[in-house]
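This report concerns only the one structure given below.
Where a number appears in this text, it was derived from the coordinates with a stated rule and is not lab data. Note that the coordinates shown come from a computational prediction; the quantities given were computed from them, not determined experimentally. Glycine gets a Cβ as well: all are built from the backbone with ideal geometry, and neighbour counts include every protein chain shown.
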Amino acid sequence: MSTIVPLTHAGALRLRAELENLKSVKRPQIIEAIAEARAHGDLKENAEYHAAREQQSFIEGRIQELEFTLSHCQIIEVGKLKAGSKVVFGATVELVDIETDATVIYMIVGDLEADLKQQRISISSPIARALIGKHEGDGITILAPGGNREYEITAVRYID
């Protein structure tokens, strides 16, 4: 099983910033919160202490996940890709819904970078899997919960 994680350059920068924030800001804050909660006395019935310890566990887990990902990633410089009109990792793809004529734009990114609110979809998502290898002008069919959706690829760009 491969542990190489593909990331865009911008995605790697965001993850490094998150890691730095967790280590330099959040971790010291939670240590301080635990110390303060300990000062309140009995730890068995101290809800503040248990909440702070739970938060500490979450933060430490996220730090480990980010460190692992960043040490096992392959950073893709999207602006330097020479794929033409072919859809590959890092592509920004404009799609038109054949039925409704609605236009959507997605960027295909790594799993940890995916954020639908910012139109970034994971390389492992059904939409991205249907798009990979296709070219501008091709049609795709995506199996959605409400039935099949037909799209046409109207533009493929590689922007950082």
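At a glance:
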{"read-out": "Convex hull volume of the stretch 13-60 per residue (C-alpha atoms, cubic angstrom)", "value": "52 Å³"}
{"read-out": "The stretch 80-157, relative contact order in percent, only Cα pairs under 8 angstrom and at least six apart counted", "value": "35 percent"}
{"read-out": "Length released on extending from Glu36 to Glu67, taking residue separation times 0.36 nm less the Cα-Cα span", "value": "8.3 nm"}
{"read-out": "Percent antiparallel among DSSP beta bridges (both partners in the stretch 80-157, rounded to 5)", "value": "85 percent"}
{"read-out": "Cα-centred dipole magnitude for the chain, charges only on beta-carbon of K, R (+1) and D, E (-1), debye, nearest 20", "value": "460 debye"}
{"read-out": "In nm, spacing of pseudo-spin labels at His50 and Ser124 (7 Å Cα→C-beta vector)", "value": "3.3 nm"}
{"read-out": "The stretch 10-47-the stretch 129-160 distance, computed between alpha-carbon centres (Å)", "value": "42 Å"}
{"read-out": "Share, in percent, of DSSP beta bridges within the chain that are antiparallel, nearest 5", "value": "75 percent"}
{"read-out": "Average Cα contact separation per residue, the chain, under 8 Å, 6 or more apart, as relative contact order %", "value": "24 percent"}
{"read-out": "Taking the stretch 5-76 and dividing mean pair separation by its residue count, relative contact order in percent (alpha carbons under 8 Å, at least six apart)", "value": "59 percent"}
{"read-out": "Simple Cβ-charge dipole of the stretch 5-76, Lys/Arg +1 and Asp/Glu -1, about Cα centre, in debye nearest 20", "value": "260 debye"}
